[in-house]
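J.: Structure below; questions to follow.
The values are calculated or read from the model by the stated rules, or taken from the named source; none is laboratory data. Everything quoted here is computed from the prediction, not taken from an experiment. Note that each Cβ is placed from the backbone with ideal geometry, even for glycine, and that neighbours are counted across all protein chains shown. SASA here: full protein model, heavy atoms, side chains in, ligands and nucleic acids out. Shrake-Rupley method; radii C 1.70, N 1.55, O 1.52, S 1.80 Å.
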Amino acid sequence: MTIERLKTDILILGSGGAGLFAALHAHKANPDLDITVAAKGLLGKCGCTRMVQGGYNVALNPGDSIERHFMDTIEGGKWLPHQELAWTLVSTAVERVLELENEIGCFFDRNPDGTLHGKAFAGQSFDRTVHKGDLTGIEIINRLMEQVWARPIRRLEEHRAVALIPAKDGALAGVLMIDMRSGAFRFVSAQAVLLATGGGPTMYRYHTPSGDKSMDGLAMALRLKLPLRDMEMVQFHPTGLLAGPDTRMTGTVLEEGLRGAGGHLLNGAMHRFMADYDPKLERATRDVVSRAIYAEMRAGRTTPHGGVYIKMAHLGPANVAKEFKGMVDRCRDCGFDLAGGLVEVVPTAHYFMGGVVCDVDAATECFGLFVAGEDASGMHGANRLGGNGVANSTVFGGIAGDVMARWIGKNPGHRAPNPDVLDAELDRAQHPFSRRPGNLNALREKLLDCMWDDVGVVRHRAGMERAIATIDAIEAELLETGIADRDRRFNLTWHDWLNLRSLCEISRIIALAALRRENSCGAHYRSDFLEPGDLATSRFTVARQKDGWIEIAEEPVLFTHVKPGETLLRDPIAAE
Ligand SMILES: Cc1cc2nc3c(=O)[nH]c(=O)nc-3n(C[C@H](O)[C@H](O)[C@H](O)COP(=O)(O)OP(=O)(O)OC[C@H]3O[C@@H](n4cnc5c(N)ncnc54)[C@H](O)[C@@H]3O)c2cc1C
């Protein structure tokens, strides 16, 4: 088997907000470095940063403060976040959003006085979500893409990373990739690698992330025996569009700003049910609203397709059409009138709070490997605030770019890949070509149902044990399932197979970590352990692959800035 080889100084996996910011910052820090961005899709057209609707959380306006944003993040995360990471997120977001406007060229919506407009997002004590209408991600990613194009940064588009390859001493040597267009393998040797493949819980029946995301980054990190934190924490967005079973539009998100602006949720009996669950009504946090909808669904009080309705008409159809043009257009494309009528919605798997354990400088346990964006963990704890996702990827992507450029200065040199690992990973990636063709889609459907039913919005021991057995069976069957088309050029069935393998591996970790956490905390809700547990002794889970088994350990949260029961807000009235 011939493998094409490429040498670069910095290899960035993923071209979302994290990957593109890392590339720009690394280039700025040292323009002499050879920088390569590799992505499963086309630069600027793939991943979830482009799909960001609502906006970007940042404390800019009078009355708001970094401390207030921090307290919202910690309280929203149920005191589980890594406080240094959360502090870095909220404090660096200020310079990052100014950089987006003044250096990258983004235009965000403004108040009449010229200041940046902050919209209301659920779970926040201040309207701080900076946005461009309701399609903020397109503005951010298009401008980032143009800036990257304008610089001598190499692009490996439609290149799939399949394995992180260490040297014999365990430091990272590079990444094994498939050039999806030619089907050829390519080993990219790099002094520093950034993992920014964007997580993405696409193993649930209803999900929002882009189709190119299949947890590959975390699966690769798991095989490198890196620790993964908070893996039970899957965020469900309450309002996924429910457009019927035969369209990919089902599951796609209708943005949070709809509820923030005053949208109502009605069950199938036209009852506005949120008052039965939380005094904050529709503006409660995502986990609370998702569970309330799920409870209505389980009680059978549903709409024709089995969800609930969102209603905006009482805010004035013309106003809704103006404020939420993107959402109104999307719904109209699917035959629904969001501005004046009712739209069916369902909770949908949206964001993965779990990920690779990292430091504030984006370094991981593996020498030479860095992580940023949704592949990283710790910033959000048990629940991500809407608007903190794109802030997270741009903040830490930029940090990773700065740090990697400096790091190479201190740790120069490429390392030789361990040939045994490289050979094993090549075999692994080609495995389906050695089996008889089977029904891949049936296996995928089984996984979607298993995760939705048993490791979803509400969990309990028996369901999760059932899920682990089902995932094992699906993976075993997958390993016996081959693909009919042997032509490797743009062989999407091959990539579906690889996607499903990554999804199975990470689904199992989600279920194991969820089984281990015997309480209900943020996005993780167990009907057999309803209590949240003592906040002051909060612990987070850490999953790690050992030889042939998975260890799920627990570690105490360090309250380095603020302890449960305390606040950083000086003004007691503002703290309420
Ligand atoms: C519909 C939707 C709306 C959202 N709205 C908001 C919002 O309003 N505010 C907010 O803060 N957050 C929002 N988010 C979350 C936000 O999009 C993410 O938190 C953030 O953009 C993730 O950035 P990232 O750079 O980590 O990953 P992404 O932007 O997802 O990029 C991942 C990249 O990795 C690539 N990749 C994946 N696997 C591989 C592989 N094996 N090899 C090579 N490349 C690979 C992908 O092709 C892609 O280029 C939303 C998410 C969705 C899905």
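J.: Being of a type in the set (Asp, Glu), open to solvent by 10 Å² or more (accessible area, probe 1.4 Å) and within 16 Å of the ligand (Cβ to nearest atom) is true for just one of 374, 445. Which residue is that? Break it down into steps so the answer makes sense when it comes.
T.: Details: 445 fails: within 16 Å of the ligand (Cβ to nearest atom).
After applying the criteria, what remains is 374.
J.: Let me ask something else. When the range 166-185 is examined, which residues are found to be more than 14 Å from the ligand (Cβ to nearest atom) and buried (at least 22 other Cβ atoms within 10 Å of the Cβ)?
T.: Our first condition is that a residue be more than 14 Å from the ligand (Cβ to nearest atom); within the range 166-185, this holds for 166-173, 182-184.
Within the range 166-185, 166, 172, 173 qualify.
J.: Could I ask something else about it? Just name the residue that is least open to solvent (accessible area, probe 1.4 Å) out of those in the range 301-331 that are more than 12 Å from residue 261 (Cα to Cα) and free of Cβ contacts under 8 Å to residues at least 24 places away in the same chain.
T.: Top of the filtered list is 328.
J.: Okay, moving on. Considering only residues that are more than 11 Å from the ligand (Cβ to nearest atom) and either of a type in the set (Ser, Thr, Tyr) or over 18 Å from residue 369 (Cβ atoms) (or both), which ones fall in the range 35-58?
T.: Restricting attention to the range 35-58, the residues satisfying the condition of being more than 11 Å from the ligand (Cβ to nearest atom) are 35-36.
If the condition is that a residue be more than 11 Å from the ligand (Cβ to nearest atom) and either of a type in the set (Ser, Thr, Tyr) or over 18 Å from residue 369 (Cβ atoms) (or both), then 36 is the only one that fits.
J.: Need pairs with beta-carbon distance below 7 Å; first residue within 14 Å of residue 561 (Cα to Cα) and within the range 87-102, second open to solvent by less than 30 Å² (accessible area, probe 1.4 Å) and not in a helix (DSSP H, G or I); sequence gap 6+ or separate chains.
T.: If the second residue must be open to solvent by less than 30 Å² (accessible area, probe 1.4 Å) and not in a helix (DSSP H, G or I), the pairs left are 89/379; 90/59.
J.: Continuing with this model, one more query. Scan the range 121-161 residue by residue and report those that are aliphatic (A, V, I, L, M), under 19 Å from the mean Cα position of the chain (by Cα) and open to solvent by 20 Å² or more (accessible area, probe 1.4 Å).
T.: The answer is 135, 138.
J.: Now a separate question. Exactly one condition in (1) more than 13 Å from the ligand (Cβ to nearest atom); (2) in contact (Cβ under 8 Å) with a residue 24 or more places away in the chain is not met by residue 17; state its number.
T.: (1)
J.: Looking at residue 189 and the list (1) more than 14 Å from the ligand (Cβ to nearest atom); (2) open to solvent by less than 20 Å² (accessible area, probe 1.4 Å); (3) within 30 Å of residue 289 (Cβ to Cβ); (4) polar (S, T, N, Q), which single condition is not satisfied?
T.: Only one criterion is unmet by residue 189, namely (3).
J.: Let me ask something else about it. Give just the number: which of (1) in contact with a helix residue (DSSP H, G or I) (Cβ under 6 Å, 6 or more places away or on another chain); (2) closer than 30 Å to residue 523 by Cα does residue 402 not satisfy?
T.: Only one criterion is unmet by residue 402, namely (2).
J.: When residues of the range 244-266 are filtered for being more than 21 Å from the chain's Cα centre (by Cα), part of a loop (DSSP other than H, G, I, E, B), on the phi < 0 side of the Ramachandran plot and surrounded by fewer than 23 Cβ atoms within 10 Å (Cβ to Cβ), how many remain?
T.: So the count comes out to 4.
J.: Collect the residues in the range 278-288 that are outside any helix (DSSP H, G or I) and either aliphatic (A, V, I, L, M) or surrounded by 17 or more Cβ atoms within 10 Å (Cβ to Cβ) (or both), keeping them in residue-number order. Spell out how you get there, then give the answer.
T.: Narrowing the range 278-288 to residues outside any helix (DSSP H, G or I): 278-280, 284-285.
The answer is 284, 285.
J.: List pairs: first residue in the range 212-239 and more than 26 Å from residue 417 (Cα to Cα), second residue among the charged types (D, E, K, R) and at pLDDT 95 or above anywhere in the structure, Cβ distance under 7 angstrom, at least six positions apart or on different chains.
T.: Matching pairs, first to second residue: 212/40; 232/517.
J.: Moving to a separate point now. Being of a type in the set (D, E, K, R) and outside any helix (DSSP H, G or I) is the filter here, so list the residues in the range 1-32 that pass it.
T.: Step one: filter the range 1-32 for residues of a type in the set (D, E, K, R), giving 4-5, 7, 9, 28, 32.
Selection gives 4, 5, 7, 9, 32.
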